[in-house]
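For reference, the structure discussed in these notes is given below.
The values are calculated or read from the model by the stated rules, or taken from the named source; none is laboratory data. Since the model is a prediction, treat every value here as computed from it, not as a measurement. Cβ coordinates were reconstructed from backbone atoms using ideal geometry, including for glycine residues, and neighbour counts include every protein chain displayed. For the accessible areas, the whole protein counts, side chains as well, though only heavy atoms, and no ligand, DNA or RNA atoms are used. Shrake-Rupley method; radii C 1.70, N 1.55, O 1.52, S 1.80 Å.
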Amino acid sequence: MEVRARAPGKIILSGEHAVVHGSTAVAAAIDLHTYVSFRLHAPSDNDDGLIELELKDFGLAFSWSSQRLRELFSELGSWSPRSCSTECLKVITSLVEELSFPEAKIGLSSGVSAFLYLYTSIVGFRPGKVRVTSELPLASGLGSSASFCVSVSAALLALSGAVYSDNQQNGWLVMRENELELVNKWAFEGEKIIHGKPSGIDNTVSTFGSMIMFRLGELTRLKSSGPLRMLITNTKVGRNTKALVAGVSERAQRHPDAMAAVFTAVDSISKELSAVIESFALDDVSITAKEEKLEELMEMNQGLLQCMGVSHTSIETVLRTTLRYKLASKLTGAGGGGCVLTLLPTLLSSTIVDKVITELEVCGFQCLKAEVGGKGLEICFN
Ligand SMILES: Nc1ncnc2c1ncn2[C@@H]1O[C@H](COP(=O)(O)OP(=O)(O)OP(=O)(O)O)[C@@H](O)[C@H]1O
Ligand SMILES: C[C@@](O)(CCO)CC(=O)[O-]
Ligand SMILES: [Mg+2]
């Protein structure tokens with residue numbers, strides 16, 4: 001039997017980085033996904049007993065002898081989430097160092113490490129094959145690492161029997177709440193291998209979907225009936241979330257009082273932004289006033305992200321360009337390049353939107369239009 005899983009990427013409307021330090025943040029799922037398929041090899045199917053990973057978008061395939069992995073890892077597969085020990089991480093790092101990645105794709109090594117941890121922890125050493133494809137740009141702030149960890153964890157758990165397999169039902173299914181929680185916990189362990197010190201917001205919004213307010217591991221789903229249009233601009237400047245998160249923590253150690261004040265300000269911005277979003281209603285006559293509040297809050301958050309040291313000249317170029325059209329923008333995700341969000345007010349004409357997009361694309365950026373606040377993780381058994 002084969003199982004497929006798909007998990008969305010995300011945007012962060014407010015609170016990235018500060019959320020790692022205990023502030024509230026607001027995030028929403030977007031309709032760009034990572035897709036994972038997983039099947040266990042029948043014993044006769046594969047004499048070598050291989051555990052295989054294919055990263056189709058990159059034309060890369062890796063395999064490990066399950067016998068060798070069994071000898072290297074002491075822990076047997078089990079469904080209860082646990083952190084990767086230092087010894088286990090050493091074994092994984094040396095296994096990944098043996099692989100050859102093209103220079104430009106070396107960043108994938110942390111994803112492969114997370115995969116090895118999740119597979120050996122959840123499935124154990126039973127041979128099988130996992131295939132991955134993604135619609136998300138990697139390392140760009142749209143949560144590619146989290147949607148990878150969520151979809152891999154879900155597929156592995158689904159075929160290992162840890163979650164129910166309603167294989168009579170056709171098409172994509174949403175798991176039960178307690179199963180989503182189990183997937184989310186495993187995905188967080190994968191994110192820890194990729195990010196170092198994640199807050200958990202990315203894997204949580206990828207698992208549960210919708211628009212959420214998140215603080216210290218707790219999520220609150222936001223109820224909003226109004227539209228929220230966002231333009232996403234990918235500066236195509238590559239960066240690495242782990243290094244950016246570490247950089248903010250170092251700044252916080254150098255200037256504890258000033259940075260505590262920055263994180264407190266972000267917390268207030270996220271709470272106010274959530275309240276404005278929840279006040280949206282269908283055919284809202286005061287929509288423009290509410291959107292103006294959102295724009296101001298986004299600009300304030302961007303200013304504080306600059307204080308944290310995670311903006312970038314490419315991000316500043318997007319901000320200047322959109323400001324010429326009186327549109328507010330902020331970076332989304334870890335910053336340092338990557339993606340920028342621009343609020344597209346309800347009454348903004350499509351002609352203006354097209355003009356902004358053209359101007360941004362002339363700068364070499366890529367504009368994406370994505371549905372915001374949609375479904376989270378889904379699985380499919382046929
Ligand atoms: N489809 C994938 N296949 C393999 N590895 C992946 C995949 N998607 C993400 N990764 C891993 O995640 C890394 C990118 O994670 P990173 O957290 O730096 O960026 P992001 O998640 O896209 O952005 P952000 O965390 O700011 O939202 C990649 O370098 C790779 O190791
Ligand atoms: C930068 C960060 O706040 C968001 C990355 O999308 C890191 C995290 O919360 O794990
Ligand atoms: Mg990430």
- For the range 112-129, enumerate the residues that are near ligand 1 (Cβ under 10 Å from one of its atoms) and surrounded by 23 or more Cβ atoms within 10 Å (Cβ to Cβ). A114, F115
- Among the residues of the range 314-329, is there at least one that is open to solvent by less than 10 Å² (accessible area, probe 1.4 Å), more than 20 Å from I232 (Cβ to Cβ), in a helix (DSSP H, G or I) and modelled with pLDDT of 95 or more? no
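Suppose we filter the range 288-313 for residues that are in a helix (DSSP H, G or I) and open to solvent by less than 20 Å² (accessible area, probe 1.4 Å); how many remain? Full working, then the answer.
Restricting attention to the range 288-313, the residues satisfying the condition of being in a helix (DSSP H, G or I) are 288-308, 313.
Now restrict to residues that are open to solvent by less than 20 Å² (accessible area, probe 1.4 Å): 291, 294, 297-298, 301-302, 305, 308.
Count: 8.
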- Filter the range 9-23 for residues that are crowded, with 24+ Cβ neighbours inside 10 Å and away from ligand 1 (no atom under 12 Å from the Cβ); which is farthest from F148 (Cα to Cα)? S23
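Picking from P137, P198, which residue would you name as being surrounded by fewer than 21 Cβ atoms within 10 Å (Cβ to Cβ) and either within 16 Å of ligand 2 (Cβ to nearest atom) or in a loop (DSSP other than H, G, I, E, B) (or both)? Before the answer, list the steps.
Details: P198 fails: surrounded by fewer than 21 Cβ atoms within 10 Å (Cβ to Cβ).
Exactly one of P137, P198 is surrounded by fewer than 21 Cβ atoms within 10 Å (Cβ to Cβ) and either within 16 Å of ligand 2 (Cβ to nearest atom) or in a loop (DSSP other than H, G, I, E, B) (or both), namely P137.
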- Give just the number: which of (1) near ligand 1 (Cβ under 9 Å from one of its atoms); (2) without any contact (Cβ under 8 Å) to a residue 60 or more places away in the chain does E181 not satisfy? (1)
- Message: One residue is enough: does the range 173-184 have a residue meeting the conditions within 16 Å of ligand 2 (Cβ to nearest atom), farther than 15 Å from H33 by Cβ and outside the structural domain of D354 (by TED's automatic domain parsing)?
- Response: yes
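Residues that are under 22 Å from N382 (Cβ atoms) and surrounded by fewer than 24 Cβ atoms within 10 Å (Cβ to Cβ): does the range 85-103 have at least one? Can you show your working first?
Filtering the range 85-103 down to residues under 22 Å from N382 (Cβ atoms) leaves none.
No, because not a single residue in the range 85-103 is under 22 Å from N382 (Cβ atoms) and surrounded by fewer than 24 Cβ atoms within 10 Å (Cβ to Cβ).
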